[in-house]
Structures are given as C-alpha cells and as structure tokens.
Amino acid sequence: MNNTTPAIEAENLVKTFGDFRAVDGISLTVPAGSVYGVLGPNGAGKTTTIRMLATLLRPDSGSARIFGHDVVREPTQVRSLIGVTGQYASVDEDLSATENLIIFSRLLGLSRRDAKRKAAELLDEFSLTEDATRPLKNFSGGMRRRLDLAASLISAPPLLYLDEPTTGLDPHARAQMWETIRRLVDDGSTVLLTTQYLDEADQLADRIGVIDNGKLVADGTADELKASVGLSSLRLVLADPSQSNLARALLGSALQTEIGAAAESGKLTAPMTDPSKAPELLIHLREHGIEVSELALQKPSLDEVFLAITGTQNDRSAA
Ligand SMILES: Nc1ncnc2c1ncn2[C@@H]1O[C@H](COP(=O)(O)OP(=O)(O)OP(=O)(O)O)[C@@H](O)[C@H]1O
Ligand SMILES: [Mg+2]
C-alpha cells in the first residue's frame, strides 16, 4: 500500500438474489482522503454494494480491493481498515449510551481508562452528553443514529461506510453530522456515503456515483454531472411585473417549451439546453419592450440531474 493506492477499487461487482441482479456490474474507484457520494432510487443496489465492499456479502463475480486488500481473499485486513454504520444495531437496550460505547471500546482493545475517555469524547462530539446515562431504549431514532456513528468511530478506521447517515435527523443534527464527516476527512479518513438528500451529496462529496437498477449510470463531480445533463436555467426578473405573461409567451415560443408561472410575478425561469442563446433571448424581449432588471444563468440542481439520469423523482431531497 502506498499513498496512491485507492481506498476503494471495485471492478464489475455483481450480486444476484435468485435470478434478480441487485448489483449488475459496478466498477468504481475512490481515492484515499476523499468523500464519495452514492445516489440512487430505493432498491437501486446501494446498500448491497456497500455490503460487498465491507466483506458482509460475497460478490457473485467481480472484485474489490480496499487499500489494496481483496475483500474476498483478505477479509480480516479489510475489516481492520473500515468502519460501517448500522452494524451496531444489537447494542444493549437496557444499558446507557456511555456503557454501550465503553463496551465497544473494550471489545476493540482499549484500556478501561481509554475506553471511558473515548466514550466521553464521542458523546460530546455528537451532543449526547446530556443523555449519556439514559438507557438506550429511551433514545429517539436520531439519537440512535448519532450513537451508531459514534460507535463506528471508536477504532478511527481510515475508511468509513455511511449508509444514509442523516436520514431521519433533524436539521441541527444533520448539520452536526456534516461537520463531523468533514472533520473526519480533514483528518485523513475516506468516506463512502449513500444519501437520499441530493443537497447532501452536493455539499459533502468530492465525487458522486448514481446507481440505478444495479448499474453505475453516472460518475463524476457534482459539476461534471450537472454539465453532462446540459440543462441550465435562465432566471429573469422583469422591471415591470405586469409584463410577465407576455414575457412568458415570448420565451416559450422562442425556446419551444412551456415556461412555468413563478409564484412571484415578474420572476421567470426558463430551461436552457444551450446557454449561449441567452443574449438572443434578451434582445428578443427588449424588441418587445420588455426590460429585464435581473438575470442569472444557473446550473441545474442535483435534483434535476437525478431526474434526468434516473427518470425518478427524488421526493425526499427537499426535506
Ligand atoms: N438479502 C436479499 N435477498 C433478496 N433480495 C434482496 C436482498 N437484499 C437486497 N435485495 C434486493 O436488492 C435490491 C437492491 O437492494 P438495496 O438494499 O441494495 O437497495 P438500496 O439502493 O440500498 O435501496 P434504499 O435506497 O431503499 O436503501 C432491492 O430490490 C432489494 O429488494
Ligand atoms: Mg439502502
């Protein structure tokens, strides 16, 4: 292993359940020290892929190496290099958060003193200090999720798999989780995360893979994915809002598309497959006596990219 060995190198991974190909030939490379975001509709094969990369499920064919170690032939080395959230589901419900973390720490070989210190540190990091002595059975879903990630950080693994780390978290806890993930990466960790929140991938991930029907259908930076869809938006604010209908009609016929009515009159958003056409449109409007007071050419949102690539609306993304 050296500095340029990727954290994850997967080639043509396949996993079938019966005659259903849940993962159908996925290849991906994740450089060490980066965040890779995996997006995809429900049932696309994201968790199944992670389970293979985490040695929890044996691929039917294809191969994967974690920091150069093969997941099938060297599972022990691989396990020493990874942390997986979700694997601590079977914690003791009658024990407190502190007690659970101390048990995990002891299992990982920490001394009694170090285990206590580590537990306190992690509980503080995830704002669980106040609830540290309550039995786990009284914890909310969000608190459990935070404790789950805390537990996976005890061994400070160089590669972390986070399967939907922020699903069900309130906005404050979500922001905190993002901060934690960023700090982990600053400290040299590599993170592979799946998420249903496209803004999360946009904010956190260096590269994003979109999985659909068991296949990697897109892979790149958020900007590359946006550019590949080729859908920008021209956003206009009219000097005179009473001209909105006329402007909509003019833009609609020029672009051969329906321009939606904005909630606020005087504001228009037009889809543009060719942003270089924007000046012509403005001239066209001016020729009809319409003055524009503000304009912006915007890249598509990751939501629009997702819809264009998978044909599936991501209805949780706005949450
Ligand atoms: N052990 C299993 N036996 C049979 N089918 C399975 C098994 N595990 C997963 N599947 C199927 O494989 C497909 C992919 O599942 P997977 O959990 O990888 O999807 P996902 O992308 O993680 O979805 P989600 O966004 O809902 O978490 C699904 O159709 C699922 O029903
Ligand atoms: Mg899943």
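Scanning region 175-221 for residues that are surrounded by fewer than 24 Cβ atoms within 10 Å (Cβ to Cβ), more than 15 Å from ligand 1 (Cβ to nearest atom) and polar (S, T, N, Q) yields 176, 180, 189, 203, 221. Looking for whichever is among the β-branched types (Val, Ile, Thr) and part of a loop (DSSP other than H, G, I, E, B) here; the options are 290, 283. Which one fits? It is 290. With respect to (1) surrounded by fewer than 19 Cβ atoms within 10 Å (Cβ to Cβ); (2) in a loop (DSSP other than H, G, I, E, B), the lone exception for residue 76 is condition (2). The set of residues in region 1-60 being more than 19 Å from residue 74 (Cα to Cα), basic (Lys, Arg) and either outside any strand (DSSP E or B) or not assigned by TED's automatic domain parsing to the domain that holds residue 202 (or both) consists of 46 alone. Only one of the numbered conditions (1) in the same structural domain as residue 30 (by TED's automatic domain parsing); (2) at pLDDT 90 or above is violated by residue 223, and that is (2).
Checking every residue in region 229-239 against the condition of being over 30 Å from residue 125 (Cβ atoms), without any contact (Cβ under 8 Å) to a residue 12 or more places away in the chain and either more than 13 Å from the chain's Cα centre (by Cα) or assigned to a strand (DSSP E or B) (or both) gives zero matches. Out of 180, 190, one residue alone is closer than 27 Å to residue 66 by Cβ and in contact with an Asp or Glu (Cβ under 7 Å, 6 or more places away or on another chain). It is 180. Could you tell me how many of the residues in region 50-61 are crowded, with 17+ Cβ neighbours inside 10 Å and touching a strand residue (DSSP E or B) at 6+ places or on another chain (Cβ under 7 Å)? Final tally of qualifying residues: 6. Pick from region 104-129 the residues that are over 29 Å from the mean Cα position of the chain (by Cα), modelled with pLDDT of 90 or more and assigned to a helix (DSSP H, G or I): which of them is surrounded by the fewest Cβ atoms within 10 Å (Cβ to Cβ)? Per the stated criteria, the residue is 113.
The values are calculated or read from the model by the stated rules, or taken from the named source; none is laboratory data. Please read these numbers as outputs of a predicted model, since none were measured by experiment. All Cβ positions, glycine included, derive from the backbone under ideal geometry; neighbour counts span all protein chains shown.
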